[in-house]
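The next block holds one structure in the form of structure tokens; read it before the comments.
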Amino acid sequence: MSDPPTQQGDFVIILGAPAVGKMTVGQALSKRTGYPLFHNHITIEVAAPYFSYGTPEGRALVGRLRDAFFDAFEASTAQGYIFTFACAYDIPGERDYITSIAARFEARGRRICWVELSAPFETRRIRNQSENRLAHKPTKRDLHWSDTHLRGLEDRHRFTCHVSERASADMLLVNTENLSAESAADRIQTHFGLPDNA
């Protein structure tokens, strides 16, 4: 029997509804820990000039790009990474997809730190137009379309997990309605005992 893989640091997964603050909290956590942030829109924005994420071609391309990053992260000796994702629990296979990503990094010896952010819809509508969000996500800059899209996602999908759907008993749930990104990052860092490399 082979020895268990050597511990290779952390892989922080921040889940939550669109515009809940995943990227912004991830940025604050990245500054504190030194862990690079790989937010979900990085690959979406790369593909967007050629294929919308709403098309089969766009989703396939984003998936391949994301896998290429994960392959590189798996082979890396970096202390940790942060990944954000809007998991729609009502979509068949969505939860399995995010847990399969976690399994890749667990197999390499990384500790998975599960986080889920939440905030009321009206709070997220305001954040959907924030300067930081628009600076990093060009596909959100058509504000009318983006607001309509956000409303549609809210009506069609569920982005908050039930207790039975939690990926880990140690999953940290953070309501960000009245919490700054820095305070949310502090809670995550403290809960998981992440390093302070600020």
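Here, each number is a calculation from the coordinates, and none is a lab measurement. Since the structure is predicted, the reported quantities are computational estimates derived from the model, not experimental observations. Cβ coordinates were reconstructed from backbone atoms using ideal geometry, including for glycine residues, and neighbour counts include every protein chain displayed.
Of note:
- Once both labels are positioned 7 Å from their Cα atoms along Cα-to-Cβ, the gap between residue 52 and residue 160 label points is 3.0 nm.
- Cross-link partners of residue 31 among aspartates and glutamates (Cα-Cα below 17 Å; sequence separation of 8 or more within a chain): 10, 182, 186, 196
- Nonlocal amide H pairs with residue 80, under 5 Å, H built at 1.01 Å: 10
- Per-residue Karplus couplings for the stretch 34-51, computed as 6.51 cos²θ - 1.76 cosθ + 1.60 with θ equal to phi - 60°, are listed in order as x, 6, x, 9, 10, 7, 4, 7, 4, 6, 4, 6, 5, 7, 4, x, 10, 9 Hz, Gly and Pro entered as x.
- Helix-only arithmetic for the chain: the sum of -39500 (n - 2.57) across DSSP H runs with n ≥ 4, divided by the residue total, places the mean residue ellipticity at 222 nm at -14500 deg cm²/dmol.
- Simple Cβ-charge dipole of the chain, Lys/Arg +1 and Asp/Glu -1, about Cα centre, in debye nearest 20: 280 debye
- Between residue 118 and 174, 175, 176, the built amide H atoms are under 5 Å apart, and every one of these is 5 or more places off in sequence or on another chain.
- Cut-off 11 Å, label 7 Å out along Cα→Cβ of residue 99, residues of the stretch 155-186 by amide N: 164-168
- For Kirkwood radius over Cα pairs in Å, the value computed from the atomic coordinates appears in the list (i) 16.5; (ii) 17.4; (iii) 20.9 under label (ii).
- Ranked by how many other beta carbons lie within 10 Å on average, peptides 188-195, 87-94 from highest: 188-195, 87-94
- In order along the stretch 78-88, the Karplus-derived 3J(HN,Hα) couplings, from 6.51 cos²θ - 1.76 cosθ + 1.60 at θ = phi - 60°, round to 4, 5, x, 9, 10, 10, 10, 7, 9, 8, 8 Hz, and Gly and Pro are given as x.
- Think of each Lys and Arg Cβ as +1 and each Asp and Glu Cβ as -1; about the Cα centre, that makes the dipole of the stretch 114-173 roughly 200 debye.
- If the chain linking residue 190 and residue 169 were pulled fully straight, counting 0.36 nm for each residue of separation and taking away their Cα-Cα distance, it would gain 5.9 nm.
- Note on the stretch 42-87 and the stretch 121-180: Cα centroid distance 19 Å, given to the nearest whole angstrom.
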